[in-house]
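Notes for the one structure printed next.
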Amino acid sequence: MGGMLWFMREAMQNERMAVRQRLSDAYRGHLLLTRERLVEGWRGHLAQMDRGEPSPGWFAQCVREGWAESVVCLSASGDPAYPAVGDGAAPAEERAELVKARALVRAGQTAAAVELLLKDNAPMEGSSGRSAAANAELYALELMGEGHPRFAEMAARLAKRVGDYAGASMPSAQRRFLAHELMRLAPGKVDDVLVQAEQLAAEFLETTPRLDVRPVLRATLLAAVWQTGSPGGRVLALYTTQGVSGRLETILRGQPAAEGIHVAIHPPDAALHDESSALVALPIGEALPGWTLALSLTEEGALQTAADRKTTAYLWTGILAVTAMGLIAVWLARAFGQQVQLAQLKNDLVATVSHELKTPLTSMRVLVDTLSESDHLDETTTREYLQLVAQENARLSRLIENVLTFSRLQRNKQTFDFAPIAPAAVAENALAAMHERCRQPGCVLETRIAPDLPAIRGDLDALVMVVINLLDNAWKYTGEDKQILLSAAARNGHVEFAVTDNGCGLSPRERGRIFERFYRVDQRLSRTTEGCGLGLSIVREIVAAHGGRVEVSSEVGCGSTFTVKIPALR
Ligand code: ADP
């Protein structure tokens, strides 16, 4: 049984692993194809950034399109064109109005200074001209304060200038400065995304002395920021970790998806941890070193279901085999037990019955021999001997009757002829059978049959046999002075036949065993009382067949009472 369970467990585990292996083989091909498309998609994604000229306008477009968190547009020589390192270093030319306004402020004429700056002055051409105008506008904003009626107008003008990447734009350092100032004075006016892109590019350029423009995604010195050159080498794109994952996932979403699986992208450090739970994992490749593509089943139980189907088959086979083995074992044990019991029964029966048969047969032979061998037959002696022979004969008949009934009961061959009967008839028939023996001197057999007893449903002969057995025992297990009482009374819906004697009585232990077949309190072969220990077991079985029960109350040395209770008919 243990071996069987071990085998089942092993089989289940192997099956799980086999199913997992089969599935991962099947999905590896799918993942390879997905990877190919992903690499192609990523290349295409980067290639679109090669289409523009290296200018502030192109920087703004790349960021606005969401192609990268930030970019550095590169010149033909591979140097940063926009944003450029230290491009705010050159001091911007100051406008005449600004110089004049500062003088007015110094003279305490702030309002006049604002008026001056508010006039839409003739635009100054060129990058430095624009920068100068922006500086003047910022100064105006600072002087005006939020309460000024034209503050919003001025803020919008400056925001437009900061967000204007067309043509010869202002240097990125100044743009960042102006944007920050503007965010402080008039929040919400500038485009956050562009400001952050400018900031990121600036930090990157500051921390990266030599640019690597190969189209390979690598970590920068900034935390969780990645860089990669575009395939044409015209742009260096900057991404956050989520940014890379997000864009790769977008590419994946555009591909035909298979049901029931999920493909995830893992950055280098997360890959090891997550690979273990994935069914198949592959490195994405040269363009994204260390990044992995992992395929797992969407439903946790999908793999389980496949394995479980096989496992269930094993389990059922195992259960069936174990149950069959168990059933066979039980059947064998029962059959064997029955054989042993039968053999035991036969032995007991043969031993007991032959012993019991011997006594009456011997006495009859001796009596008959004595009579036949005597020359002169005295009438009184002859009559006496013949009576003894008759007694032995009756004893033999009772014994054989009991053995036959017992044998029929054991083989379930005993048929009962149930009919409504009067309890008095049972008592009278039994008394008639005992009459001869109870006429002996020293034996008093009293009967107390209550009048108007309710009828019972039963087999008359069988019930008579029950009462005879009880009376017979009462006669056998009392001494010289035999006081026997047979009573019949109605009580609690039953008719109770009770046989009381003044015999040797029974101890509590004996009372518990006397209904077992072949059990005799005195087991010695030399015992004086006849019997083979079948009487009470027959009594119990017949009474049970009548839906009644038999009870005994007794005390050693004080006699016993056996009571048979049979349900009364309504
Ligand atoms: P047996 O043929 O030996 O009488 P029974 O089954 O009738 O077989 O009785 C089993 C045993 O119960 C008897 O051997 C006897 O020891 C005990 N027994 C039965 N009836 C009485 C009784 N009235 N008084 C004392 N002992 C009894």
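The values are calculated or read from the model by the stated rules, or taken from the named source; none is laboratory data. Predicted, not measured: the structure shown is a model, and the values here were computed from it. Heads up, the Cβs are rebuilt from the backbone with ideal geometry, glycines too, and the neighbour counts pull from every protein chain shown.
Check the stretch 194-211 and report whether any residue there is surrounded by 17 or more Cβ atoms within 10 Å (Cβ to Cβ), of a type outside the set (A, V, I, L, M), within 60 Å of the chain's Cα centre (by Cα) and under 30 Å from Leu118 (Cα atoms). The answer is yes; a qualifying residue exists. Taking the conditions exactly as written (within 17 Å of Gly458 (Cβ to Cβ), within 11 Å of the ligand (Cβ to nearest atom) and crowded, with 17+ Cβ neighbours inside 10 Å), does Val539 satisfy them or not? So Val539 fits the description; yes.
Scanning the stretch 453-489 for residues that are small (Gly, Ala, Ser) and closer than 14 Å to Ala427 by Cα turns up Ala455, Gly458, Ala462, Ser487, Ala488, Ala489. Among the residues of the stretch 435-487 satisfying the criterion of being polar (S, T, N, Q), within 15 Å of the ligand (Cβ to nearest atom) and not in a strand (DSSP E or B), which is farthest from Leu506 (Cα to Cα)? Result: Asn469. Kindly indicate whether any position in the stretch 400-408 is more than 16 Å from the ligand (Cβ to nearest atom), free of Cβ contacts under 8 Å to residues at least 40 places away in the same chain, under 60 Å from the mean Cα position of the chain (by Cα) and closer than 25 Å to His546 by Cα. Yes: one or more hits.
Take the residues of the stretch 494-530 that are touching a residue at least 24 places away in the same chain (Cβ under 8 Å), of a type outside the set (Asp, Glu) and more than 30 Å from Leu453 (Cβ to Cβ): which is farthest from the ligand (Cβ to nearest atom)? My answer is Leu525. Determine whether Leu431 is under 30 Å from Gln387 (Cα atoms), under 60 Å from the mean Cα position of the chain (by Cα), away from the ligand (no atom under 15 Å from the Cβ) and surrounded by 14 or more Cβ atoms within 10 Å (Cβ to Cβ). Considered against the rule, which asks whether it is under 30 Å from Gln387 (Cα atoms), under 60 Å from the mean Cα position of the chain (by Cα), away from the ligand (no atom under 15 Å from the Cβ) and surrounded by 14 or more Cβ atoms within 10 Å (Cβ to Cβ), Leu431 comes out as no. Within the stretch 550-559, identify whether any single residue is closer than 23 Å to Val353 by Cβ, more than 11 Å from the ligand (Cβ to nearest atom) and either in contact with a Gly (Cβ under 7 Å, 6 or more places away or on another chain) or not in a loop (DSSP other than H, G, I, E, B) (or both), and answer yes or no. No, the stretch 550-559 contains no residue that is closer than 23 Å to Val353 by Cβ, more than 11 Å from the ligand (Cβ to nearest atom) and either in contact with a Gly (Cβ under 7 Å, 6 or more places away or on another chain) or not in a loop (DSSP other than H, G, I, E, B) (or both). Within the stretch 20-76, the set of residues being over 22 Å from Ala197 (Cβ atoms) and part of a loop (DSSP other than H, G, I, E, B) comprises Ala76 only. Against the test of being crowded, with 21+ Cβ neighbours inside 10 Å, under 60 Å from the mean Cα position of the chain (by Cα) and within 22 Å of Leu205 (Cβ to Cβ), the options Val190, Val162 yield a single qualifying residue, Val190. Give the stretch 316-348 a look and list any residue that's of a type in the set (Phe, Trp, Tyr) and either loosely packed, with under 10 Cβ neighbours inside 10 Å or in contact (Cβ under 8 Å) with a residue 24 or more places away in the chain (or both), or say none. Hits for the stretch 316-348: nothing passes. Of the candidates Ala333, Ala394, Ala321, Ala351, the single residue that is part of a helix (DSSP H, G or I), aliphatic (A, V, I, L, M) and at pLDDT 90 or above is Ala333.
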